[in-house]
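Contents: one structure, followed by commentary.
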Amino acid sequence: MRNIAILFKVELLEAIRNIKFIWLTIFFTILGVTQPLIDKYMEVIIQNVGGIDGIMIDPNAPDPQANEVLLATFSGQFNQIGLIILVISFMGMIANEKNSGVQGFIFTRPVSSLEYISSKLFGNWLISMVCIAIGSIVSYFYTIYLFDYYSITDFLLFLVFYSVWILFVISLAVLFSTIIKSSIFIGVATILLSMVFLLLGNINETFSLFLPSGVLTLAESLLLQTGSANFLLLIAPIIYIMINIFTAKFFINQV
C-alpha cells in the first residue's frame, strides 16, 4: 500500500505540474454549461444563425425538466467530445514511461506490477473525476437556474455511478498501454471500444447487464427516476475492470 500511495502521489503531482487539473476542469465546465444554454435558447440561436425557415418549432412545447437537461449534458457532451479529450489526456500514462525507460527504473525498486497499475488507474481516475465533478456541479447549478429545481443529492448519486464508467474507460486505457507502444493508437483503441460499448448499451437493459456501459443505464434510471433501479447493472463494469487490471498485469510482466 505504501508503494501505491507514493506512485499515486506522483501521478497527482504530475497532473498539477502539467496544469491538467486546470485545463481539464475548464474544458468540462464549458461542456457543462453548453447543453443548458442550447436547450434554453435553441429558438434564439436558430434565428441568429440564419432564421427558422423550414424548421418546425412547437411554441407550446414545454421546457425540458432539469434532470433531462443534465442527462443530455452527460450523454451528449461528456460521453462524446468529453470522453475523447479525457482519453487523450491520459492515453500516454504508461506508454510514455515505458518508451522513456522510466517504467524500467521503477521496477528496479521493490514495486510490483499490480501496485504500479493500480496507482496509474486510480490516480488518473481521481484526476478525471475531480475535473468532471467540478464541471458537473457548475452545470447542475446553471441548469436549475435556467430550468427548475432538482435534488443535488440525487444528482451526486448519479455522478457516483457515472464515475464507475470513467474507471472502466481508464482501466481500458491501462490495458491497451501494456500491449500497444504508441500513445495515439492506445487513445484510438480506447475511444473506439468505449463508443462501441456505449452504442451496445442503448439496445436494452437486459443486454446492458453484460456490458460495462450498463452502469450508465443504472445512473440514467436514477437521474430520471423512471422506477426501481436495477443495481445488478453494477456487476458487469466491476468484472470488466478487474479483468482489465489483471490482464494488464499479465502483459506488463511479459516485458
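The values are calculated or read from the model by the stated rules, or taken from the named source; none is laboratory data. For clarity, every value in this text was computed on a predicted model and none was experimentally measured. With ideal geometry, Cβ positions are generated from the backbone for all residues, glycine too; neighbour counts draw on all protein chains shown. Protein only, heavy atoms only, side chains kept; ligands, DNA and RNA dropped before computing areas. Shrake-Rupley method; radii C 1.70, N 1.55, O 1.52, S 1.80 Å.
Counting only protein heavy atoms, what percent of the accessible surface of the stretch 157-255 is carbon or sulfur at a 1.4 Å probe?
Exposed carbon and sulfur together represent 74 percent of the surface.
If the cut-off is a Cα-Cα distance under 17 Å, which aspartates and glutamates reach LYS40, setting aside same-chain residues fewer than 8 apart in sequence?
Hits, sequence-local ones excluded: ASP58, ASP63, GLU68, ASP148.
What accessible area per residue comes out for the stretch 191-241, rounded to a whole number of Å², with a 1.4 Å probe?
With the other protein chains kept in place, the stretch 191-241 gives 52 Å² per residue.
Equivalent-ellipsoid semi-axes (√(5λ), Cα gyration tensor) for the stretch 147-203, whole Å, largest first?
Calculated on Cα positions only, the semi-axes equal 30, 13, 9 Å.
Rounded to whole Hz and in sequence order, give me ³J(HN,Hα) for the stretch 11-26 from the Karplus expression 6.51 cos²θ - 1.76 cosθ + 1.60, θ = phi - 60°, writing x for Gly and Pro.
Karplus values, whole Hz, x for Gly and Pro: 4, 5, 5, 5, 5, 5, 5, 8, 6, 5, 4, 6, 5, 6, 5, 4.
Of ILE252, PHE158, ILE38, whose Cα points farthest to the positive end of the dipole of the chain (charges on the beta-carbon: +1 Lys, Arg; -1 Asp, Glu; origin at the Cα centre)?
Value: ILE252.
Once every DSSP H run of n ≥ 4 in the chain is given -39500 (n - 2.57) and the sum is divided by its residues, what mean residue ellipticity at 222 nm do you get, rounded to the nearest 500 deg cm²/dmol?
Rounded to the nearest 500, the figure is -24000 deg cm²/dmol.
If you average the C-alpha positions of the stretch 153-199 and of the stretch 93-121 separately, how far apart do those two centres end up, in angstrom?
Their Cα centres are 20 Å away from one another.
Could you work out the Rg to Rh ratio of the stretch 1-42, with Rh taken as the Kirkwood radius (inverse of the mean 1/r over all Cα pairs)?
Dividing the radius of gyration by the Kirkwood radius yields 1.33.
Kindly write out, for the stretch 234-242 in residue order, the coupling ³J(HN,Hα) from the Karplus curve 6.51 cos²θ - 1.76 cosθ + 1.60 (θ = phi - 60°), rounded to whole Hz, with x marking Gly and Pro.
7, 5, 4, x, 5, 5, 4, 4, 5
Given 4 °C and 1.567 mPa s, compute D for the chain with the Stokes-Einstein relation, Rh being the Kirkwood radius over Cα pairs; round to the nearest whole µm²/s.
66 µm²/s
Residue-wise, which Karplus ³J(HN,Hα) couplings in Hz belong to the stretch 69-84, taking 6.51 cos²θ - 1.76 cosθ + 1.60, θ = phi - 60°, and x for glycine or proline?
For the stretch 69-84, the Karplus-derived couplings read 5, 5, 5, 5, 4, 6, 6, x, 10, 5, 8, 10, 5, x, 5, 4 Hz, x marking Gly and Pro.
Can you tell me which lysines have their Cα less than 24 Å from the Cα of LYS9? Leave out same-chain residues fewer than eight positions away.
Counting by Cα, and skipping residues close in sequence, LYS9 has these lysines nearby: LYS20, LYS98, LYS120, LYS249.
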